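Q: Okay, handing you the structure first.
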Amino acid sequence: YKGKSGGSFPGFVGSNHAGANTRGPLKDDWLKPCNLDWTEQERDDKCISLQEAIWGTEGLARLEKIKNAVDPHKMLNCYGCVGNNEVGKNKGGEKIKSEQSKNGSLQETLTNSQESS
């Protein structure tokens, strides 16, 4: 994420300290924390992502490039890990229902992987 000044966000959160609601500060004011009273969607829209809070803008972009090269079908995932922000989304990038996400993402990935073989 590029701030108002155009600078890249520096990572600062230790991954072993990240929880389910962890986000970085507000996108438009890095000095203000993300409001935990907001909905998940509001936090996603207004706050720096968990991955970016940990790795920083440039580090995350580099790691995502590596992750996509090593795991193009997104078979290896964990909460808060690099590339995990794509899990639970359909091909158009829209979020899918959680029960579909748990089974559908893996099944869709397996199906796509088998089709391309």
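Q: Residue by residue through the stretch 10-27, what is 3J(HN,Hα) from phi via Karplus (6.51 cos²θ - 1.76 cosθ + 1.60, θ = phi - 60°)? Round to whole Hz and write x for glycine and proline.
A: x, x, 8, 8, x, 4, 6, 10, 8, x, 4, 9, 5, 9, x, x, 4, 5
Q: Around C47, which amide H atoms from residues at least 5 apart in sequence, or from another chain, sit under 5 Å from its own amide H, with H modelled in the peptide plane?
A: Those qualifying (amide H under 5 Å, at least 5 residues apart or on another chain) are K27.
Q: Output wanted: per-residue J couplings in Hz (rounded whole) for the stretch 57-74, from phi through Karplus 6.51 cos²θ - 1.76 cosθ + 1.60, θ = phi - 60°, x for Gly and Pro.
A: Values per residue, Gly and Pro as x: 4, 5, x, 5, 4, 5, 5, 5, 4, 5, 4, 5, 6, 7, 9, x, 9, 6 Hz.
Q: Hey, what do the phi angles of the stretch 45-50 turn into as Karplus ³J(HN,Hα) couplings, whole Hz, using 6.51/-1.76/1.60 and θ = phi - 60°, x for Gly and Pro?
A: Calculated HN-Hα couplings, in order: 6, 9, 10, 4, 5, 4 Hz.
Bear in mind these aren't lab numbers, they're just calculated from the coordinates by the rules spelled out. Since the structure is predicted, the reported quantities are computational estimates derived from the model, not experimental observations.
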